[in-house]
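Heads up: the structure comes next, in structure tokens.
The values are calculated or read from the model by the stated rules, or taken from the named source; none is laboratory data. As the structure is a computational prediction, the values presented were derived from the model and not from experiment. Counting neighbours? That spans all protein chains shown, and the Cβs are built from the backbone with ideal geometry, glycine included.
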Amino acid sequence: MKQVSSFLMIIILSSINSLYAQWLNINSVSRTSVNCFVSYGTILYTGTSSGIYYSSNNGTKWDHINTGLTKTNMLSLAVAGTNIFAGSDSGGVYLSTDSGATWASSLQITNPVLSLAEFKNGTPGSTIFAGSENVGGIYRSTDSGTDWTQLGMFSKHFWSLSVFYLSGGLEIIAGTDNGVYISTDIGVTWTQFNSGLTNLIVHALAISGTNIFAGTENGVFISTNIGTSWTQINNGLTNTNITSFAVSGIDLFAGTGKGVFMYNNKSSNWTQVNDGLSNTNILSLCVFNTNIFAGTDSSIWMRPLSEVITGVEKNKNNLPTSFSLWQNYPNPFNPVTTISFSIPKTGFVTLKVYDILGRDIATLVKEYRPAGNYSIKFDGSKTTSGVYFYRLQSGNYTETKKLLLIK
């Protein structure tokens, strides 16, 4: 009996560890789009399509705090000193001076407020920037949100705002629908920095050390020279529409329509980290304490940060060392078979099926993929019986094998 109990305990512990080693859905925030996060002390806040929620227990439980909000679809959040600011989809900025218990109107405009950022210029909480969806729609308050000044007329959509500190200087960077702009004089003047950007719609910005990352509708770009020039870093991304970033030390996470990806600075590759994530339409990301949080179009997901990083390192150690294309199984088949292949490095991969005359009848893979082992199903239910060929191409590697469909 003792052996049975021990065996059951092993099963239970194994199940718990397996469950914890993946994304967990937070049920207390559901059926709402989770658009943004911000932390203040030991409290984590999120702005959603149904208002603002907060968690004081590391994200496991969330409560509504909408008192004073006349608009509830919140697109942006920022903490400035002891104040919390929230930007609404219906226009305007709201301010809370009591940790979110109550809210009051701070900036009254009619356009959606897409981004918010604090500028720490010696007086904590005094200067705040708001980026909205209209021409010239960037605003600045230097008195904790009491009065606002409209700034430069240089873009229409201010998707993202960030502040960074390099070499003792203060910089403000804006991601817009016309690329990246930087101001070194607290928003009075702005300079466009788009050299190397092949897509100018910048939805997300992140700062890691002296590197600046821009998330666009065509992937991620990095600048190592304070925005002077940009280089695309898309290796391993299976979706290049970047919606959000989160930074933890030297680790960078990106939210996309196909889930969450982690960037490895040494290999310059992205790795998908979606274990347990059943909704991969990511709108927002946040690193808070020991967890990473992902906001989707319906709920919040949480995962231990250390587990994500460790999992990526383990996957790196198990990478294949050479290209391989395996014989499909079953073969002959009717009507579905599985084709497996391995690639030792990130690259553009195509896997196609051809008929005996060399005509392309199915494209199973046509995208960048990180190094790894893959299995793809081919459904021949709409194809006639006969001999076919499947070909894998990646870089200089090409291999072809034969399969047989019998109906």
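Which numbered condition trips up Lys352, out of (1) among the charged types (D, E, K, R); (2) more than 19 Å from Pro332 (Cα to Cα); (3) assigned to a strand (DSSP E or B)?
Result: Lys352 passes all but (2).
Where in the stretch 168-269 are there strands (runs of 3 or more DSSP E), lying wholly inside it, with at least 1 residues that are in the same structural domain as Ile292 (by TED's automatic domain parsing) and within 30 Å of Gly372 (Cα to Cα)?
Where strands (runs of 3 or more DSSP E) fall fully within the stretch 168-269 and carry at least 1 residues being in the same structural domain as Ile292 (by TED's automatic domain parsing) and within 30 Å of Gly372 (Cα to Cα), they are 202-208, 211-216, 219-223, 244-248, 251-256, 259-264.
Across the stretch 153-174, what is the total count of residues that are aromatic (Phe, Trp, Tyr) and at pLDDT 70 or above?
First pass over the stretch 153-174, keeping only residues aromatic (Phe, Trp, Tyr): 154, 158-159, 164-165.
Add one more test, that the residue is at pLDDT 70 or above, and what stays is 158-159.
Of the residues in that region, 2 qualify.
Identify the residue in the stretch 48-70 that is of a type in the set (Val, Ile, Thr) and more than 22 Å from the chain's Cα centre (by Cα) and, among all such residues, is nearest to Val34 (Cα to Cα).
Ile65
Where residues in the stretch 31-66 are in contact with a Phe, Trp or Tyr (Cβ under 7 Å, 6 or more places away or on another chain) and part of a loop (DSSP other than H, G, I, E, B), which of them is nearest to Thr102 (Cα to Cα)? Don't jump to the end; show me each part of the working.
Filtering the stretch 31-66 down to residues in contact with a Phe, Trp or Tyr (Cβ under 7 Å, 6 or more places away or on another chain) leaves 37-39, 43-46, 52-55, 59, 62-65.
When the remaining residues are screened for being part of a loop (DSSP other than H, G, I, E, B), the result is 59, 62, 65.
Numbers: Gly59: 21, Trp62: 16, Ile65: 7 Å.
That would be Ile65.
Taking Glu367 as the residue in question, decide whether it is closer than 30 Å to Ser267 by Cβ, more than 30 Å from the chain's Cα centre (by Cα), among the acidic types (Asp, Glu) and not assigned by TED's automatic domain parsing to the domain that holds Phe253.
So Glu367 fails the test.
Would you tally the residues in the stretch 275-300 being over 11 Å from the mean Cα position of the chain (by Cα) and surrounded by fewer than 23 Cβ atoms within 10 Å (Cβ to Cβ)?
Adding up the residues that qualify gives 13.
Specify which of the listed residues (Thr338, Thr383, Thr346) is exposed (fewer than 15 other Cβ atoms within 10 Å of the Cβ) and out of contact with any helix residue (DSSP H, G or I) (no Cβ under 6 Å at 6 or more places or on another chain). I'd like the intermediate steps shown before the answer.
Details: Thr383 fails: exposed (fewer than 15 other Cβ atoms within 10 Å of the Cβ); Thr346 fails: exposed (fewer than 15 other Cβ atoms within 10 Å of the Cβ).
Testing whether each residue is exposed (fewer than 15 other Cβ atoms within 10 Å of the Cβ) and out of contact with any helix residue (DSSP H, G or I) (no Cβ under 6 Å at 6 or more places or on another chain) leaves just Thr338.
Can you go through Ser229, Ser160, Ser208 and tell me which one is closer than 19 Å to Leu116 by Cβ and either among the small types (Gly, Ala, Ser) or surrounded by fewer than 22 Cβ atoms within 10 Å (Cβ to Cβ) (or both)?
The conditions single out Ser160.
Has the stretch 392-403 got any residue that is without any contact (Cβ under 8 Å) to a residue 24 or more places away in the chain, under 22 Å from Asn234 (Cα atoms) and outside the structural domain of Asn269 (by TED's automatic domain parsing)?
Scanning the stretch 392-403, I find at least one residue that is without any contact (Cβ under 8 Å) to a residue 24 or more places away in the chain, under 22 Å from Asn234 (Cα atoms) and outside the structural domain of Asn269 (by TED's automatic domain parsing), so the answer is yes.
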